[in-house]
1. In nm, to one decimal, how far is the E328 label point from the S398 one, both placed 7 Å along Cα→Cβ?
2. For I218, which sequence-distant residues (separation of 5 or more, or a different chain) have an amide H within less than 5 Å of its own amide H, given hydrogens modelled in the peptide plane?
3. Per the Debye formula with a single identical scatterer at each Cα and no solvent contribution, what log10 I(q)/I(0) holds for the stretch 175-274 at q = 0.12, 0.19 Å⁻¹?
4. Place a point 7 Å from the Cα of K417 along the Cα-to-Cβ direction; which residues of the stretch 472-490 have their backbone N under 17 Å from it?
5. What does the net charge come to around T480 if you take all other residues with beta carbon closer than 14 Å to its beta carbon, with K and R at +1 and D and E at -1?
6. Over its Cα atoms, what ratio of radius of gyration to 2.2 N^0.38 Å does the stretch 678-804 give?
7. What is the extension gain from L801 to T746, computed as 0.36 nm multiplied by their sequence separation minus the C-alpha to C-alpha distance, in nm to one decimal?
8. Output the Kirkwood hydrodynamic radius of the stretch 8-109, Cα pairs only, in Å rounded to one decimal.
Amino acid sequence: MAKPEDSEENWIEQLDTLCSDLNVDPVAAKKSKESFLEIKRHYTLDGDLLHWMACAMYVACRTSITPTVQSGKAVESNCVSLTRLLRLCNISLIQFFTKIKNWMEMASMPNDFKERISRLEHKFAVSTVLFRNFQPIFQEIFSGLTNETIKSMSIKSKKHKLQPCSTNALFEFTWCLYICVKGEFQNSTDLVDMYHMLLSCLDFVFANAFMSRRIDLINPSFKGLPNDWLRDDFVLPKKAPCIISTLSEIKSALPVEAATMKEYKWKPIIKTFFKKGILRGNSEQLLSVLEVGNFDANLKSLNNLYETYVLSVGEFDERIFLGEHANEQIGTRTKVSGDEISQVIATFGPSGRACPDTPLTGRGYLARRAEPLTPVSEATNSLARLAAYTRHAKPQPSAHLLRLFAECGVNEETINKNIIQPCNGWMEQFANSLRESNCSEQTIKFRCNMVTCLYYKVFEHIIREEHRKKPQVSLQMLLTQETYQLTVYACCTEVVLHAYGVHSLRFPRVLQIYGLSAFHFYKIIELVVQAVFEKLSRDVIKHLNTVEEEVLESLVWTSDSPLWDQLTKYPVPASTDVYVQESPLSRRNNNYFLSPGSAAIDRFLSPMADTFPVKKQLFKDNIKPGQSLLATTNNTLKSEANVSEPSTSASNGDLTPTSTPKKANNSLNLFFRKFYSLAVVRMNDLCTRLRLSGDELKRKIWTCLEHALMRQTRLMRDRHLDQILMCTVYVVCKVSNNPNNPVERTFAEIMKCYRQRPLADNHVYRSVLITPATEDSPAERSDLIKFYNKVYVQCMQDFALKFAGRQKEDCCLSPLPAGRGDAAYSPAGQRVSERHQVYVKPLTSPPPANHHLTYRFSRSPAKDLHAINTMVSCEVGGATSLKRGAAGAGPGAMLKRPRLGAAGVARKLQGLMTDRQAV
């Protein structure tokens, strides 16, 4: 074993030995040594150096080109087995995936190589899930499977007498046949498709065992057998029974999907195997592969075929699940079964999880699962509910929708031109993308029809809701918005792709298929969720929530986003200017956070006059939270003077507005309402994990973050919200630190807590844009600390220093906006007023004893609510009112509503205004 303190000569000798054992060509061997030396010189490599050598060797082998004996032919990589490499380096698959991620970051590997590793991780997760399901299904059909190691039983002497195959040998043959057929598909990481293919494989093996009358192999209690199977006079039918429907019934599958997979994908490949001589038997009926003279040759042929496939593509050997040391090679503590699977899948981050975490903004709004689901049952449940929702639909407008159009004066020509024809064009675009993924024509037709049927149902729901909200708006106007309809179709496409688990077309690939921008796509997600919330599975809704977060946090801020064109015309609004003031209890609708007053027409039409700010204004004065309504100070006059003279300053092509115009883009306000909601939720979560609980400190962080977004908007170009947030938390904690309140946090602490957040990705702080690309030089990227020192500090230093020393008294803090799921972050619940200690939350358990006043809706007596109202009134009246109440003659004096003088009226109005702006 290599130790960190070993000399350079020792580990070079180990590398030479490793290259020799793997028969690596000299070019790849030299490349692996040079890369290992370079990384070891600049980084500290923890743990066993052999593990890091495995990473260097794998990268060198996968990035080399090896010529073959055929003229003009070459294969990528040099045919080194990943499984053998890991075995020689004594490293498990899970350890390797962890190490190779760090190695790629240190070696600055290109994105295409990182994507290859991501696909490999996901394929391992899918294979692990499938093998976990394979064994119990196999035992449902066949009997006699023992715990004896499969591989050891296949070692026989050369002159052994041919015997009928055992159940253990059949188990190995079935899995080898399955992974060989699976290797023929480019989209072999799609969980649902591969699960249905596994059922097709088991159906094929069962048919061969059934027609060979292998009573010793088939489980007599299997439901797919005829009733007279065990009778001596049983007559074999001309055709073996199909057990697809039986397996679908007992193993959470979709019978139509599985039957389609068997007929149009499985059978053509099996026929090809017979034609090429890979399988021996009856090629016409696809039988006799288990006969005594064929079985051993078939098993050997399949192993040779798969060995060639693994070496050519550089993937892990899925036969390791059959081996005696499967648990050590994979990296699980026990053999691949039970709860270890969820730990295996969760190792790979967001892109590889079969059951990803719920996003922060969805927590508290998505109902808990009725019962825990496995990855396969989760996927099939999503697909089954989608199929049920679209079962009776057709890929065309329904009669109800056509009737609505007729009532609103929309003629057939307009419907055909603005709805049906564009939809047919989008269907063809989707079909072309599926063809690029090597899907069969039957699969393409089926999925395109499902997307189109879902589109028309969702589109009809949105049209009806739009007509209900704004009957005065002509539907003709909405139908002319082609981008609006395209976003609906794209969102429905994403729902179908996710339900099928098509990893090769995962988001944001759908945006590229239809040429959509993320800024336009986000506008429709909420409307689609409203349409399908009760119809589709929890997993689909959670996925759309994740997509929305991904769009808001980074995709919409790319340099080619239409958002930047909007920001050249309109400034970034403050958080207090984009929130509609409403009752906190009305924020939940169908358990999903909705944008009040945001109809579809508002999201896609041109700028609207006099809609800024969106919130209802009770007073036209320039009043800030916490400022007296009656007193007019010099600062107020200066503020009014500044508003009357709007000005903007440009920096690197970005407008940095210093005032708010009277007109604004309503869709822009809707965007920033969602963006600010996401930002405050992320900030609260990070502060909670860092144990930063002070309200004043949170308001400082929010004020600084809001300033960065409003005045230094260019910081977000081609960057991520979390990058700006972590820098803001660091700088505010640093300048606010003092002996009495030590709040300073290091970047290491911040990034550690950030990694613990659901769906967090370390790529966010490992690869941050420093300088954009130019014609002469590529873009420079580095870690978060370098970005902070080189970019962030230059823009935010002067503003951040206002929170330190004498300047902090003159700094006006912004109120915290109410983000989604705020009640989840405060043990007391969701605070409904900044001025009063009043909270609202679901009360699922009896209130603790330290709650002074509590009112439970529909349960508590009216006097409890009256007591809370009296407390709020006394606080508004001030100390004088409280003293007056305390000096009363009777015990009920405190419950009398105090009379307020002029000063009391002013304070109450001020509190009312603060409440209206706080939520």
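1. 6.0 nm
2. When sequence neighbours closer than 5 places are left aside, the close amide H contacts are S143.
3. -0.42, -0.96
4. Once the point is set 7 Å along Cα→Cβ of K417, 475-483 turn out to lie under 17 Å by backbone N, inside the stretch 472-490.
5. -2
6. 1.04
7. 18.0 nm
8. Hydrodynamic radius (Kirkwood, Cα only) of the stretch 8-109 equals 13.9 Å.
Values quoted throughout were computed directly from the atomic coordinates according to the rules given, and no laboratory measurement underlies them. Every value quoted in this text rests on a predicted model; they were computed, and no experiment measured them. Because the Cβ atoms are built from the backbone with ideal geometry, glycine has one as well, and the counts that use them run over all protein chains shown.
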